[in-house]
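Read the structure below first, then the notes.
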Amino acid sequence: MNLALTIIQLLSCLFLIVVVLLQSGKSAGLSGAISGGAETFLSKGKAQTLDTKLAKMTKWVALLFVILTVVLNIL
């Protein structure tokens, strides 16, 4: 049981790293502030963009990782 949970935690850790690295960086600096003002609400593509899917996936995988860590520490 302990070995199986450790393997699942390792896989979730690697998957979490990949999902975080696939996300695009937030606009930083003065150029990001200037170009960010040109975007409107309608041009953002609502909630179907790849970044929003990756952000939701990051939250769920991180939650799984934390729960597995707590369970492994209790065992």
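In this simple spin-label approximation, SER24 and ILE7 carry label points 7 Å from Cα along the Cα→Cβ vector, and these lie 3.8 nm apart. The string of couplings for segment 59-68 from the Karplus curve (6.51, -1.76, 1.60, θ = phi - 60°) is 4, 5, 5, 5, 5, 4, 5, 5, 5, 4 Hz, one whole number per residue in order, with x for Gly and Pro.
Since every read-out is calculated from the coordinates, none of them should be taken as a lab result. Quick caveat, the model's predicted, so the values are computed rather than measured. Virtual Cβ from ideal backbone geometry, glycine too; neighbours counted across all protein chains shown.
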